[in-house]
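Asker: Dropping the structure in here first, questions after.
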Amino acid sequence: MTFYITTPIYYVNAAPHLGHAYTTIAADVMARHHRQRGEEVFFLTGTDEHGEPVADAAHALGIEPQQLADRNAARFEALLPLLEATNDFFIRTTDAAHEARVQSVLARVRDNGFVYQGTYEGWYCPRCADFKPENEIDPGNLCPIHHVELTREQEDSYFFKLSAFQERLESLYAEREDFVAPRSRYNEALSFIRSGLRDVPLTRHRLTWGVQVPWDHDHVFYVWFDALLNYYTALSYAREGQDLTDATWPPDYHLIAKDILRFHAVYWPALLMAAELELPEHIFVHGYLLMEGEKMSKSLGNVLDPVAVIERFGADALRFYLLREVPFGQDGTVSTLAFETRYEAELANDLGNLASRTIGMLTRYRDGVVSSSELDTSLAAEFAGLPQRVAAHFDRAELTLGLEEIWQRVRRLNRYVEEQTPWRLASEPDRQGDLDRVLASLAEGLRSVTVLLWPYLPGSCERLLAALGAPELSLADAMFGAGGIGRVAPIGPLFPKEAAPSDD
Ligand code: MSP
């Protein structure tokens, strides 16, 4: 069975920023970890290209929505290799195959009796030619964009009978307490459901930028229904001549942030029930990256721009920082200062030094060869069960806790060097056996943490494992004592300190 993980599909009305990169990085870390377990993985990301905001943004630029979509989708897609993201497909909701499948699923929802015709009533701006949601209306009942008075108007709409799923959604939440995590988000979704579900518009009459409703060509589907279905439609055409749906559906993890909780945790399961499709296993809601709390500065600007950070420090440093600094699932502040501090203290010092001193001593004292099969038993005890513990964190999408579990061992290995003082052993002819054991244990510990760190720091870990002559990456290989170290070869610094800016 495939491990299927998704990110939200991002709106193309603007260019990608650090927040989008964050979710994509997290999904990639999970995808890589599951590949290490030997699982078949399908990792999906992409762009959400229909709807009002995209049409409006294009209009403001004086171009067609499709042009804007093409321009920004290309930017989102180009960011992926920079982040070292290993997605298996990039879906665009303007793909013809997506549109066709949206139409067929939603026609089934209608055939099943969950769609009816009605009238949507709301506040309308004649200049925008559009309805404004209540929470976006300026005081005095004004359009927030044009500052003209809004009028009460009606639009013919087809409605989705969300209210019909009240009980089934309540039982879903009662039976599957891990459907939405963290717990606070589960509670938030459940209390929304308990407050009483109302039917929602499924189509738009006035808008043309969307997927056409097959049974009424004067309507397009409301963008959220078109968008949510990407998770399902992609599987039918991601591989030419192959339909991956049966082998891949349902998703194991949808990663989202709290802004789109209601759509994923309420509308989406109801829609799937209406279409008689299986529900996802887990929806994990991570927090928001906050950029306030720090004065705007040139270097802050760098940290906010993922591309600039990657150019200067590499993708690994960004991936590590985001998952280390902000407990995954909570909101957290990111800043240039905190980034530089962690880069230096943890990547350059903790891991970088551990790697360079281990490889340095093996090269210096033993010509790059690990010559003992005996490993320190107390160190082995401290590593026992580590891959399983990390995997257990991943099962709950606890990416920061998983990383912390590994990092404690990185620090432990540095202490081990201080305790064992291999440079002293090297100078004592009758302690050569001890030196062999210490170097072998150190190299084995380094190899183990490096395999476990690979999902977070793929490029650096591959370099390091190549230097250890031990390229194997599976979770089983992460076990302390699994061995496999060949001839160790020197490498330059993994996280050069020169990359850290001076004080500009
Ligand atoms: N198109 C919809 C999603 C449809 S999914 C069927 C959408 N797009 S979006 O471009 O606004 O992306 C929102 C998502 O981007 C968030 O849920 C989150 O994954 C990510 N983030 C955007 N800003 C973020 C932060 N500041 N912090 C963390 N994540 C952020 O909503």
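Asker: Sequence gap at least 6, Cα distance under 8 Å: using those rules, report the relative contact order of the chain to the nearest whole percent.
Answerer: The value is 15 percent.
Asker: Separate question: Give the residue from Ile359, Pro182, Gly329 lying farthest towards the positive end of the charge dipole for the chain; charges sit on Cβ (+1 for Lys and Arg, -1 for Asp and Glu) and the dipole is referred to the Cα centre.
Answerer: Most positive-ward Cα: Ile359.
Asker: Across the stretch 89-96, in residue order, what do the Karplus-derived ³J(HN,Hα) couplings come to in whole Hz, using 6.51 cos²θ - 1.76 cosθ + 1.60 with θ = phi - 60° and x for Gly and Pro?
Answerer: With the stated coefficients, the stretch 89-96 comes to 7, 10, 8, 10, 6, 8, 4, 4 Hz.
Asker: Between Leu142 and Asp259, what's the calculated FRET efficiency when r is the beta-carbon distance and R0 is 30 Å? Round to 0.05.
Answerer: In this case the efficiency is close to 0.75.
Asker: Can you give the extra length, in nm with one decimal, that the chain gains between Arg75 and Glu428 once fully stretched, where that is 0.36 nm per residue apart less the Cα-Cα distance?
Answerer: The Arg75-Glu428 span can extend by a further 121.1 nm.
Asker: Convert 25 °C to kelvin, take the viscosity as 0.890 mPa s, use the Kirkwood radius over C-alpha pairs of the stretch 315-382 as Rh, and evaluate the Stokes-Einstein diffusion coefficient in µm²/s, rounded to a whole number.
Answerer: On the way: Rh = 14.8 Å.
Value of D from the Cα-based Kirkwood radius: 166 µm²/s.
Asker: For the chain, what is the charge dipole size about the Cα centre, in debye to the nearest 20, if Lys and Arg each add +1 at the Cβ and Asp and Glu each add -1 at the Cβ?
Answerer: Using Cβ point charges on Lys, Arg, Asp and Glu, the chain gives about 900 debye.
Asker: Let me ask another. Kirkwood Rh over alpha-carbon pairs of the chain, then Stokes-Einstein at 4 °C and 1.567 mPa s: what D in µm² s⁻¹, rounded to an integer?
Answerer: Estimated diffusion coefficient is 51 µm²/s.
Asker: Ok, one more. Can you tell me how the stretch 1-126 classifies by the Cα gyration tensor, rounded, prolate or oblate, using a/c under 1.5 as the rounded cut?
Answerer: Numbers: a/c = 2.44, a/b = 1.33, b/c = 1.84.
Oblate, since a/c reaches 1.5 and b/c is not below a/b.
Asker: Placing +1 at every Lys and Arg Cβ and -1 at every Asp and Glu Cβ, with all other atoms neutral, what dipole size does the stretch 55-213 have around its Cα centre, in debye to the nearest 20? Kindly include the intermediate steps, with their values, before the conclusion.
Answerer: Details: 18 positive and 25 negative charges, 39 e Å.
Approximately 180 debye in magnitude.
Asker: Above 19 Å lies some portion of the pair distances; for the stretch 335-499, what is it as a whole percent of all C-alpha pairs?
Answerer: Numbers: 7249 of 13530 pairs.
When all Cα pairs of the stretch 335-499 are counted, 54 percent exceed 19 Å.
Asker: Here is a further query. Any idea what angle helix 65-83 forms with the longest principal axis of the chain, computed on alpha-carbon atoms, 0 to 90 degrees, nearest 10?
Answerer: 10 degrees
Asker: While we're here: Among DSSP bridges having both ends in the chain, what percentage is antiparallel? Round to the nearest 5.
Answerer: On the way: 21 of 43 bridges.
Restricted to the chain, the bridges split so that about 50 percent are antiparallel.
Asker: Hey, another quick one. Tell me what the chain gives for mean residue ellipticity at 222 nm when only DSSP H runs of n ≥ 4 count, each as -39,500 (n - 2.57), the sum divided by the residue total, rounded to 500 deg cm²/dmol.
Answerer: Taking each H run of at least 4 residues, the total per residue is -14000 deg cm²/dmol.
Asker: Something else now. What ³J(HN,Hα) values, in whole Hz, does the Karplus curve 6.51 cos²θ - 1.76 cosθ + 1.60 give for the stretch 432-441 when θ = phi - 60°, with x put for Gly and Pro?
Answerer: Couplings: 5, x, 5, 4, 4, 5, 4, 5, 5, 5 Hz.
Asker: Also, quick follow-up: As I understand it, the value is the acute angle between the Cα axis of helix 399-420 and the longest principal axis of the Cα atoms of the chain; what does it come to in degrees, rounded to 10?
Answerer: 10 degrees
No lab work stands behind these numbers, since they all come straight from the coordinates. What you see is a predicted model, and the numbers here were worked out from it, not measured in a lab. Here the Cβ is made from the backbone with ideal geometry for all residues, glycine too, and neighbour counts use every protein chain on show.
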